[in-house]
């Protein structure tokens with residue numbers, strides 16, 4: 001999925017934010033969703049299309065995102081890198097479904113000590129909770145990948161995609177890491193009982209020093225060692241995209 005790019009020009013998903021106000025400021029009121037390629041982090045690049053747009057203090061703020069989303073691996077762990085954070089919903093769905101279907105022949109890897117499949121928890125490292133209510137919903141157990149992709153692009157946004165994932169039973173629990181203190185004082189994780197997804201928004205490091213960032217990276221790399229999936233958002237509205245790419249390349 002994400003085999004080809006699309007434009008969204010109706011007031012849905014992330015394009016719903018300040019839609020009429022943007023039109024009044026002469027915006028085309030459309031945003032771009034790029035395609036996904038299997039490549040490496042060295043090929044991350046800022047694109048030329050507007051992927052997020054808002055009105056701030058009466059001024060139009062048009063944000064460019066990634067030229068392409070990247071699917072890669074980090075020490076064998078599937079890793080997805082994208083711009084707007086709600087895209088994590090689809091990649092999370094696709095990966096959890098793959099693990100569920102492979103459980104029969106990889107039982108020792110995805111099962112707990114009693115042989116039961118380990119449910120999914122998300123470690124959400126972000127400035128924002130992303131758990132606002134969403135009037136739209138879907139059933140993660142009885143929905144096709146195409147329908148989930150459509151929901152990701154038209155039924156949720158950067159502020160409520162985690163709510164949607166929990167409501168659809170894609171993930172059981174979200175561990176919110178909203179500060180450096182929370183990151184460095186995390187309780188010991190029970191990797192015998194849960195499959196962990198590490199989910200990062202680079203705006204977590206807005207206004208942080210190089211020393212603070214490197215300290216955080218050391219902790220996160222330790223978490224990566226026991227993760228089943230890594231998802232990283234470059235967060236165009238909240239973070240400079242060139243700097244985001246530099247941080248991701250350094251982290252990985």
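Using only the C-alpha atoms, the convex hull of segment 70-251 corresponds to 116 Å³ per residue. In the chain, the longest principal axis of the Cα atoms and the axis of helix 88-102 are about 30 degrees apart. Relative contact order, whole percent, for the chain stands at 22, derived from Cα pairs under 8 Å and 6 or more residues apart. Ranked for footprinting exposure by Cβ neighbours inside 10 Å, fewest first, 22, 94 give 94, 22.
In plain terms, the residue of 146, 184 with the fewest other Cβ atoms within 10 Å comes first and the most crowded comes last, giving 146, 184. Here segment 131-157 and segment 195-252 have alpha carbon centers that stand 25 Å from each other. Taking the longest Cα principal axis of the chain as reference, the axis of helix 145-154 is set at about 40 degrees.
Tell me, 72, 40, 234 in order of fewest to most beta-carbon neighbours within 10 Å? Going from sparsest to densest Cβ surroundings: 40, 72, 234.
Computed over the chain with a Gaussian network model linking Cα atoms closer than 10 Å, the most mobile of 29, 182, 165 is 182. Restricting the calculation to alpha carbons of segment 119-167 gives Rg and Dmax of 11.1, 32 angstrom.
Largest GNM mean-square fluctuation across 66, 189, 36, computed for the chain with C-alpha springs under 10 Å, falls on 189. Mean-square fluctuations from a GNM of the chain, with a 10 angstrom spring cutoff on Cα atoms, peak among 131, 34, 222 at 222.
Between the Cα long axis of helix 241-251 and the first principal axis of the chain there is an angle of about 10°, rounded to the nearest 10.
No lab work stands behind these numbers, since they all come straight from the coordinates. In this text the structure is predicted, and so the values were computed from the model without any measurement. Positions of Cβ are generated from backbone atoms using ideal geometry, with glycine treated the same way; all protein chains shown enter the neighbour counts.
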